[in-house]
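Below: one structure, written as structure tokens.
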Amino acid sequence: MRSHVRRLLLWVLLAGALPGLAGCDLLGIKTPQDIAAAREAEGKAIGGACRHAGRAIEDCYQLNRRADKAAVFTGWREAGDAPARGS
């Protein structure tokens, strides 16, 4: 009889914990897509800041070796295109 009660209690606890564990985004666990998006956004910000500071793209690459070069260039180019569009 006691083993049935323990087993029932275990199932009740597990059933109560599963919905909480299903919300992994609330736990701060980042997916590979989130990490890639953050890395790209950081690279674009670095490129835009370099362009705003008047640095050449090569200098920007040298100063930010860990940043994604494609994202840095995209940010650098977008920062240069903004005044040409008038925005």
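Derivation of every value follows stated rules applied to the coordinates shown; laboratory data play no part. The structure presented is a predicted model; accordingly, all values stated were derived computationally and were not measured. Note that we place each Cβ from the backbone using ideal geometry, even for glycine, and neighbour counts take in every protein chain shown.
Would you work out the charge dipole size for the range 26-85 about its Cα centre, treating the Cβ of every Lys and Arg as +1 and the Cβ of every Asp and Glu as -1, and quote it to the nearest 20 debye?
Dipole of the range 26-85, to the nearest 20 debye: 60 debye.
Given points 7 Å out from each Cα along the Cα-Cβ axis, report the ALA37 to GLU58 separation in nanometres with one decimal.
3.6
What is the pair-distance distribution P(r) of the range 26-85, computed from all Cα-Cα distances in 5 Å bins starting at 0, with each bin given as a whole percent?
So the P(r) values, bin by bin, are 4, 21, 27, 19, 12, 8, 6, 3, 1.
Suppose a student asked you for the relative contact order of the range 26-85, using Cα pairs under 8 Å spaced at least 6 residues apart; what percent would you report?
40
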